[in-house]
Amino acid sequence: MTDIDHLNALEADVLAAVEAAVDEAALEAVRVAALGKKGSVSEKMKTLGGMDPEQRKIVGPALNALRDRVTEALTAKKTALADAALDARLKAETLDVSLPLRESGLETGRIHPVSQVTDELIAIFSAMGFSVAEGPDIETDDLNFTKLNFPVGHPAREMHDTFFLPQKENGERLLLRTHTSPVQIRTMQDKAPPIRVICPGRTYRFDMDQTHTPMFHQVEGLVIDRDANLGQLKWVLEEFLKTFFEVPSVELRFRPSFFPFTEPSMEVDVRCRKLANEIRIGEGDDWLEILGCGMVHPNVLRNCGLDPDAWQGFAWGMGIDRIAMLKYGMPDLRDLFAADARWLSHYGFRPLDVPSLAGGLSS
Amino acid sequence: MKFSLSWLKEHLGGDADLVAVTETLTRVGLEVEHVDDKAGELSAFVVGHILEANRHPNADKLQVCMVDVGRGAPLQVVCGAPNARAGLKVVFAAPGTVIPASGVKLGASEIRGVPSAGMLCSSRELGLGDEHDGIMELPEGSPVGRPFAPFVGLDDPVIEIAVTPNRPDCLGVHGVARDLHAAEIGELRDPLTAVIRGEFPCPVNVRFDFGDTEPLSPFFALRMVRGVKNGQSPEWLRRRLKSIGSKPINALVDVTNYLAFDRARPLHVFDAAKVRGDLVVRRGRAGETLAALDGKTYALDETMCVIADDSGVLSIAGVIGGAATGCDETTTDVLIESALWDPLAIARTGRALNVNTDARHRFERGVDPEFALPGLNVATQFILDFCGGAPSEVATAGEVPARDLIIDFPISEVTRLTGLAVTPAEVKTPLSMLGFWVTGVGDRLKVSVPSWRPDVEGKADLVEEVIRIVGLDRVEAKPLPAMTSAAGARLGIVQRRARNARRTLAARGLVEAVTWSFVSKAQAEAFGGGAAELALANPISAELSDMRPSLLPALIAAAQRNADRASSDVALFEVGQTFLSDRPEDQRMAAAGVRRGTAKARGAGRHWGEATLPVDAFDAKGDALAVLAALGLAAGAVQIAQGSAPSWFHPGRSAALQLGPKLILGAFGELHPRTLQALGVSGPLVGFELTLDALPQPRAKPTRAKPPFEGSALQPLNRDFAFIVGREVPAAELIRAALATDRKLVTEVTLFDRYEGPGVPEGKVSLAIAVTLQPREKTLTDAEIEAIAEKIVAHVTKATGATLRG
């Protein structure tokens, strides 16, 4: 046998051993046996020194090539073994990712429709330059009625079935405000015109049936300026309703009506289509009464220290609960205050659905 | 206010039809609430003529009729009515007609093998009555093929309008017609009645006797008609009364009712034979009673105005008459009263006695004072016409008050308030047609207000009169000028806090509720409320009697209601007002939440991945601190005052949240078992409540810039320590002590283990903390680290009595 034949036999043996290795440890043993200090290939390398130059010229390159091939085979086998080991591990590592997670608060928490709609109102009116004014729920007769031009004992007061607090020793009897209009009075008394405010809040009337609750929410708006007029009132209401109901246009019908605190006074109907479970605003052949409004009565201006020939203004009011029900299809007013978690989860809003005009109000 | 179209037409000339009338009414502010137009609704039902009626070949109770319906050949109709017979005029409905009573659309059909081309209708099927034993029988002269309704007196639609309290003049048909006249859909007809001269002095006199008290009537007129025969009033009048749901009684009474509806002039009639002596108009007296026409007896007092004779009270002025002096068919001499009453007194009396009559309704809103005498005259004429008799002269007391109101009215006022440019004619014409007396030229008018318009007081009222007639639809929408600046928040600080609190709590999985502002007395008392000044004088129910001192009782009750509906794991919150007293400054904006069952912050109910635990004080603490953090108060800044929570919390498992000893923000914890028991609810239940107004006002800052970020290039290092400390020592104190060791170097202390049990002495706990050290200028040497560690131990030991666990 020639040296080359010997090398070929050695290579075949080593490669067979590499191929036969079943794991990384066995493969390491093969590597040491071949390429380690006393490995079969290393031993051969050591013999090169004892060869004559002619022989070394032949065997040297062959042996180097052999060592490279063995190294390559070892690397390839090592990778294959690692892959196989990982595959085997991964096979054992399955997770049933269909297992359900707990829902986070962002998914289960809810904002009440009244709060959400109030935020919608604020988004719309703040863009028109309105601030938000609030006042106490417990009011005086003076601010709830007298300053608003309700004559004492006038039948218009009968329209407001009022909750009263106990009469005091001095004869004063406080009440729960029947509308948010006292906030308008407080605003006019505290703030120099021009004024643009909306007054959302809780209001109370002695009433409890299918369509009335003893507590409900109102929003009123007030504009006082040198030339605030009915045309502007129409525009404000049209813009508001269009934006609120998220429709391209609305058609309003202004009907003369009566409120003690406005003159002229009007009720406003909006064109709609009444369907079984919803009302579509901005289309159809029906009219839906949606709010009351008018020019602030000169007596009210005077009562707040404003000269009705120098300042004028308009005001409007509507039920927040009612427009919330209309927009979001809630059928029964009483449900709004029943704190039924199922109802709240159904009709409530996700915590991060913050109304904004940029986002199109509702998401 | 109801009237029929034909009734209106007596006051309104021209040919305006029902649609024009109703549309105009609503447009001018007399909102049409309902129209009962039987003729219109039933116009598809025509007069048919039964030519033949034969037994149905297959059914005993059915007949096969040949009916002439006015077009084409007679139709074959199967009918089950026993009264169907040849020669009868009937109501025929062709296939395709909707039957009002059932709402069913009629189809061509075959009944027991015989084709039937329509239906003969009963009055019940037409929604006209209960009669269903047979089909409707029409008058013989009814023309075949024409709608049947006009031939049975159904051609007079009844209109119901809503009259606002400022328009007492429109509580009579005449006043309604005047508004329509001004809207130019017909001429106002004013049927004048010649003044009737009395034939003899009124035998009964009337005087006021209010003594020193405020008079409750300015004017009272009385007239006798002697020798009347009181029977039924004429058919036209009876029909009109019936059309608006008023029951005809007898001619004398019907006349007074009719004038109330026709001219908004309530009157009263007394049977003169039952009156003793003269009439006195005076205040009632405590102890007096009246048996009234409605069959009830009313107790009177000195706030009420009465009409009395020598025998006592006959009538409650302007509200309701007495039964004893009422007119019936035996009445021969009648006294007619036409008076003016103090509207406030009428309203007060009506409310106190709970009597709602058409007279009260009109008097409390204000009748036309100048029509008191003409109204009496019209009534007299009707009575003479219907009942005969001889009229007396009119006896009066007091005077008709004059209200000569003339308003200076610049035409420009219309434009100023509405934005609509109008011509002088557009202002003058409607006002004149409404009965205002308009003089003046150019822009400045003088407008005299008619006696029937007590609501008109000034310029703004006249603007309304003009604009409602000229048409609100002519006012064009004009953009509100943009605000000069968009700067500045639109919401106040507490409003912003409320909004933030809501979104924060919802993000933690709580569901927002809106509960009543009033709670029961027991609930109020259980949460520190129940003061007399906050108890409603007229609560709608005992459950809703007191202004709430806290949001918690209603939330707790709601949690229980949900639990009773099998939703036992609920997390509810509310952000809303609470009341400490009746003063405005004691109304607070609170945020509160409750968690029940397993509704913990990380999720409710059982889960495969973790143990199911009941809610505990830490869930409530997390909610409260999350709100405070959202409002700018870091958890470290808030003191947790164990044992200081209000009495409705569990004393050992709750705390007040405060900033210093005086500034209490709220509390959290488990609810006190006794509180839950008092409210009749079961736990586990935890909650918190914060007063959003209590937070300190944020300091005004010149800039929104945040402090510069300091990210050290040096590695922070962690050291763990375990301490044995008394069980009564709050862990927060230990953490605080560790942090305070070196505020520069110690940047974070985390408590990662708490243990009590074997290996730890009785009454002690082991608390393990991880301390993060952040070197600032250079890495710490081992010696430096050792030194700081020793310092930490010493500091903690000194502050808490803790020892390092060996």
Residue match in region B:113-131 (condition: charged (D, E, K, R), surrounded by fewer than 12 Cβ atoms within 10 Å (Cβ to Cβ) and within 16 Å of B:LEU62 (Cβ to Cβ)): no
The one condition in (1) over 15 Å from A:MET266 (Cα atoms); (2) within 10 Å of chain A (Cβ to nearest Cβ) that B:GLY440 fails to fulfil: (2)
Single match in B:ARG496, B:ARG508 (criterion: more than 28 Å from the chain's Cα centre (by Cα), more than 30 Å from B:VAL422 (Cα to Cα) and free of Cβ contacts under 8 Å to residues at least 24 places away in the same chain): B:ARG496
Yes/no for B:LEU472 being within 14 Å of chain A (Cβ to nearest Cβ) and not β-branched (Val, Ile, Thr): yes
Residue in region B:774-791 that is in a loop (DSSP other than H, G, I, E, B), in contact (Cβ under 8 Å) with a residue 40 or more places away in the chain, within 28 Å of B:GLN639 (Cβ to Cβ) and within 60 Å of the chain's Cα centre (by Cα) present: no
Hits in region A:205-245 (condition: in contact with an Asp or Glu (Cβ under 7 Å, 6 or more places away or on another chain) and either assigned to a loop (DSSP other than H, G, I, E, B) or over 21 Å from B:ALA460 (Cβ atoms) (or both)): A:ARG205, A:PHE206, A:ASP207, A:PRO214, A:PHE216, A:HIS217, A:PHE244
Single residue of region B:548-564 satisfying the filter (part of a helix (DSSP H, G or I) and more than 8 Å from chain A (Cβ to nearest Cβ)) that is surrounded by the fewest Cβ atoms within 10 Å (Cβ to Cβ): B:ASP564
Close pairs (8 angstrom Cβ cut-off, 6 or more residues apart or separate chains): farther than 15 Å from A:ARG69 by Cβ and in the same structural domain as A:ARG67 (by TED's automatic domain parsing) in region A:17-46, outside any helix (DSSP H, G or I) and among the aliphatic types (A, V, I, L, M) anywhere: A:LEU27/A:ALA21; A:ALA29/A:ALA21
Total residues in region B:140-197, condition touching a Cys at 6+ places or on another chain (Cβ under 6 Å) and farther than 20 Å from B:ASP37 by Cα: 1
Some residue of region B:509-525 being of a type in the set (D, E, K, R) and farther than 26 Å from A:ILE320 by Cα: yes
Matching entry among B:SER567, B:SER545 (being facing chain A (nearest Cβ under 8 Å) and hydroxyl-bearing (Ser, Thr, Tyr)): B:SER567
Strands (runs of 3 or more DSSP E) enclosed by region A:277-351 - at least 2 residues per element that are of a type in the set (Val, Ile, Thr), facing chain B (nearest Cβ under 10 Å) and closer than 27 Å to B:TRP516 by Cα: none
Condition broken by B:PRO100, with the remaining ones in (1) without any contact (Cβ under 8 Å) to a residue 40 or more places away in the chain; (2) assigned to a loop (DSSP other than H, G, I, E, B); (3) more than 16 Å from B:VAL144 (Cβ to Cβ) satisfied: (1)
Hits in region B:595-611 - residues which are among the charged types (D, E, K, R), more than 7 Å from chain A (Cβ to nearest Cβ) and surrounded by 12 or more Cβ atoms within 10 Å (Cβ to Cβ): B:ARG595, B:ARG596, B:LYS600
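One line per residue, one yes/no per condition, for (1) among the aromatic types (Phe, Trp, Tyr); (2) surrounded by fewer than 23 Cβ atoms within 10 Å (Cβ to Cβ); (3) modelled with pLDDT under 95:
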residue: B:GLY312; (1), (2), (3): no, yes, yes
residue: B:ILE336; (1), (2), (3): no, no, no
residue: B:ALA339; (1), (2), (3): no, no, no
residue: B:THR349; (1), (2), (3): no, no, yes
residue: B:ASP368; (1), (2), (3): no, no, no
residue: B:ARG403; (1), (2), (3): no, yes, yes
residue: B:ILE407; (1), (2), (3): no, yes, no
Hey, A:VAL117 of a type in the set (A, V, I, L, M, F, W, C), out of contact with any strand residue (DSSP E or B) (no Cβ under 8 Å at 6 or more places or on another chain) and surrounded by 22 or more Cβ atoms within 10 Å (Cβ to Cβ) or not: yes
Residue satisfying all of: in region B:411-425; over 38 Å from the mean Cα position of the chain (by Cα) and not in a loop (DSSP other than H, G, I, E, B); surrounded by the fewest Cβ atoms within 10 Å (Cβ to Cβ) among these: B:ALA425
Test: residue in region A:139-162 that is acidic (Asp, Glu), within 8 Å of chain B (Cβ to nearest Cβ), closer than 26 Å to B:SER581 by Cβ and in contact with a strand residue (DSSP E or B) (Cβ under 7 Å, 6 or more places away or on another chain): no
Tabulated pairs, region B:320-346, first assigned by TED's automatic domain parsing to the domain that holds B:ALA379, second of a type in the set (Asp, Glu) and not in a loop (DSSP other than H, G, I, E, B), C-beta under 6 angstrom, 6+ apart or interchain: B:THR325/B:ASP271; B:CYS327/B:ASP271; B:THR331/B:ASP271; B:PRO343/B:GLU364; B:ILE346/B:GLU364
Output for region B:495-529, where each listed residue is surrounded by fewer than 20 Cβ atoms within 10 Å (Cβ to Cβ) and more than 8 Å from chain A (Cβ to nearest Cβ): B:ARG496, B:ASN500, B:LYS521, B:ALA522, B:GLU525, B:GLY528
Residue in region B:270-282 that is touching a residue at least 24 places away in the same chain (Cβ under 8 Å), closer than 30 Å to B:ALA390 by Cβ and in contact with a Pro (Cβ under 8 Å, 6 or more places away or on another chain) present: yes
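The values are calculated or read from the model by the stated rules, or taken from the named source; none is laboratory data. Model, not experiment: these values are computed from the prediction. Because the Cβ atoms are built from the backbone with ideal geometry, glycine has one as well, and the counts that use them run over all protein chains shown.
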